[in-house]
Amino acid sequence: MIRVVATTPFEGQKPGTSGLRKKVTVFQQPHYIENFVQGLFDSLDAFEGETLVIGGDGRYYNREAIQIVIKMAAAAGFGRVLVGKGGILSTPAASCVIRKHEAFGGIILSASHNPGGEHGDFGIKYNIGNGGPAPEHVTDAIFERTKTIREYRIMEADDVDLDALGIARVGDMVVDVIDPVEDYAELMGELFDFDAIRDLFASGFTMRFDAMSAVTGPYARAILEDSLGARPGTVMHGEPLPDFGGHHPDPNLVHAKELNDLLMSDDGPDLGAASDGDGDRNMIIGRGRFVTPSDSLAIIAANAHLAPGYKDGIAGIARSMPTSGAADRVAEKLGVKCYETPTGWKFFGNLLDAGLATVCGEESFGTGSNHVREKDGLWAVLMWLNILAVRRQSVAEIVAEHWETYGRNYYTRHDYEEVDSAAADALMADLRARLDTLPGTVINGLTVERADDFSYHDPIDGSVTTKQGIRVFFTDGSRLVYRLSGTGTAGATLRLYLERYEADPIRHDLDTQDALAGLVQIARDLPDIEGRTGRSAPTVIT
Ligand code: VG1
Ligand code: CO
């Protein structure tokens with residue numbers, strides 16, 4: 001029986017860079033998630049009898065949220081739900097399942113790299129039938145609907161046993177509890193040369209994969225250890241925990257420090273990799289060599305043809321605006337286009353669907369391709385393994401050769417987390433107001449060439465997205481970008497992206513922060529970050 005429940009709108013149910021993210025305690029309020037899900041269903045058309053994919057990253061409140069979503073999907077008239085066993089589906093696996101089973105769409109319960117647990121964050125996002133994050137016109141429609149919602153519909157039914165594979169029913173709707181790894185692992189086997197990677201491991205190659213107690217543990221064990229023969233224990237922190245062991249499941253040099261320390265030691269493994277809460281991010285480290293995500297994108301693009309799934313080459317590259325220009329140099333050499341999009345994977349979907357881009361990436365440890373419509377952490381790791389298996393060089397050698405060929409884009413991101421929202425908004429507004437007067441200004445010896453606020457014109461659907469980050473370009477080719485995060489749940493996070501190109505191999509071995517020290521000073525002084533936020537240094541440097 002369907003129960004119609006009266007409700008009143010909650011403020012602020014506006015999806016950000018990647019879905020709606022709030023504190024767990026916000027989501028636990030009666031009717032909170034129901035309002036959002038009803039708002040979503042109300043903004044979709046013609047899904048009667050169709051299939052919906054549901055899964056999450058296993059964080060605290062995942063199971064409760066999934067039961068609610070299943071019962072609301074039944075009440076809304078979906079014909080079938082595919083849900084990962086235990087409520088688990090990594091974000092790229094959800095994208096894969098949506099595509100493979102031709103589902104209408106999917107709902108992913110995740111706050112990605114944000115901390116979990118009772119006092120941590122929770123999130124929900126909708127993906128469309130191509131497997132990718134809903135574009136802005138959809139998320140805008142959901143938000144509008146949540147402002148006026150008066151009731152929601154939910155099936156009165158027992159909870160589904162999420163731990164039993166196979167078919168159950170909720171009302172007339174079929175619920176199929178599926179193995180969360182199977183479809184995804186099969187797709188990886190089609191894209192990469194698993195035999196070559198097996199040979200690599202058999203030859204004594206060693207790696208460590210840090211699943212950060214998040215969703216990728218089961219995927220990494222099945223693929224790296226069981227299928228590819230990496231020695232047992234390759235996967236560390238491989239048990240998904242609701243609070244991620246109390247850590248941030250964010251694969252970067254701050255939160256995956258243990259892994260980084262291991263790789264920086266002389267007897268460390270050949271390759272280190274890590275993924276985030278929902279499995280869509282990746283970090284790649286060779287022995288003694290951290291690979292920036294921007295460089296990783298460029299190197300993957302330059303070498304993708306070594307993997308069977310990309311043997312005919314790539315049609316194009318797409319990168320988010322703050323990502324470094326390293327990929328652009330590869331695109332130029334390959335004679336393909338490099339597209340520049342706003343931050344967030346949803347902007348890559350149209351380019352991928354149209355066949356304009358094959359490989360995409362973001363500076364925030366996100367890389368992926370047209371195999372799904374999300375960034376994909378394990379995919380990037382397998383791509384690196386495939387490249388290493390063919391080239392039989394170390395990660396450090398491959399990176400050094402890449403810089404020799406293309407030059408090096410020194411790159412870093414400085415984050416100021418949980419700063420006062422009003423102060424952050426004022427800082428951005430003030431910079432915006434000065435854009436016209438900046439060109440020609442000399443700061444610490446560098447001359448501003450131009451400055452703007454990034455706008456994106458989608459070449460496929462013609463949509464325009466404005467205010468996506470303030471860019472300051474200098475005459476020596478250096479670039480600064482200022483933007484506010486759209487995934488945080490407390491205060492504002494100011495992100496500062498810094499980049500300087502160095503063509504000469506003699507100067508390719510500087511420490512990144514040293515190489516960018518002058519630019520860092522300019523970046524802090526220009527909007528007076530310390531004066532406005534009270535912060536003399538960033539919270540996180542990657
Ligand atoms: C951040 C990253 C962005 C990424 C987004 C979602 O967004 O900068 O590149 O796409 O997180 O990734 P923001 O608005 O906080 O800068 V995930 O792995 O959190 O889904
Ligand atoms: Co993520």
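Data table
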| read-out | value |
| --- | --- |
| Whole-angstrom Cα spans of the stretch 408-541 along principal axes, big to small | 42, 40, 28 |
| Diffusion constant of the stretch 347-477 at 37 °C, which comes from Stokes-Einstein with the Kirkwood Cα-pair radius and 0.692 mPa s, µm²/s | 176 µm²/s |
| Cβ charges +1 (Lys, Arg) and -1 (Asp, Glu), total dipole of the stretch 184-406, debye | 380 debye |
| Candidate lysines for bridging to K337, where Cα separation is under 22 Å - those fewer than 8 sequence places away on the same chain excluded | K311, K346, K375 |
| The stretch 325-414: relative contact order as a whole-number percent, Cα under 8 Å and 6+ apart | 21 percent |
| Cα-based convex hull, the stretch 2-179, per residue volume (Å³, whole number) | 100 Å³ |
| Fraction of antiparallel bridges per DSSP, the chain only, in percent to nearest 5 | 70 percent |
| Total lysine pairs under 18 Å (Cα atoms) in the stretch 1-134, excluding pairs fewer than 8 apart on one chain | 8 |
| Prolate/oblate/rounded label for the chain (Cα gyration tensor, a/c 1.5) | oblate |
| Whole-number percent relative contact order across the stretch 184-406, with pairs defined as alpha carbons under 8 Å at least 6 apart | 21 percent |
| Estimated translational D of the stretch 478-542 in µm²/s (Stokes, Kirkwood radius over Cα pairs; 25 °C; 0.890 mPa s) | 183 µm²/s |
| Proximal charge balance of P308 [Cβ under 9 Å; K/R count +1, D/E count -1] | -1 |
| Mean Cα-pair separation over length for the stretch 1-76, i.e. relative contact order, pairs under 8 Å, 6 or more apart, % | 33 percent |
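Readers should treat all values here as calculations from the given coordinates under stated rules, not as data from a laboratory. From a predicted model like this one, the values you see are computed outputs, not experimental measurements. Neighbour counts run over all protein chains shown; Cβ positions are idealised from the backbone, glycine included.
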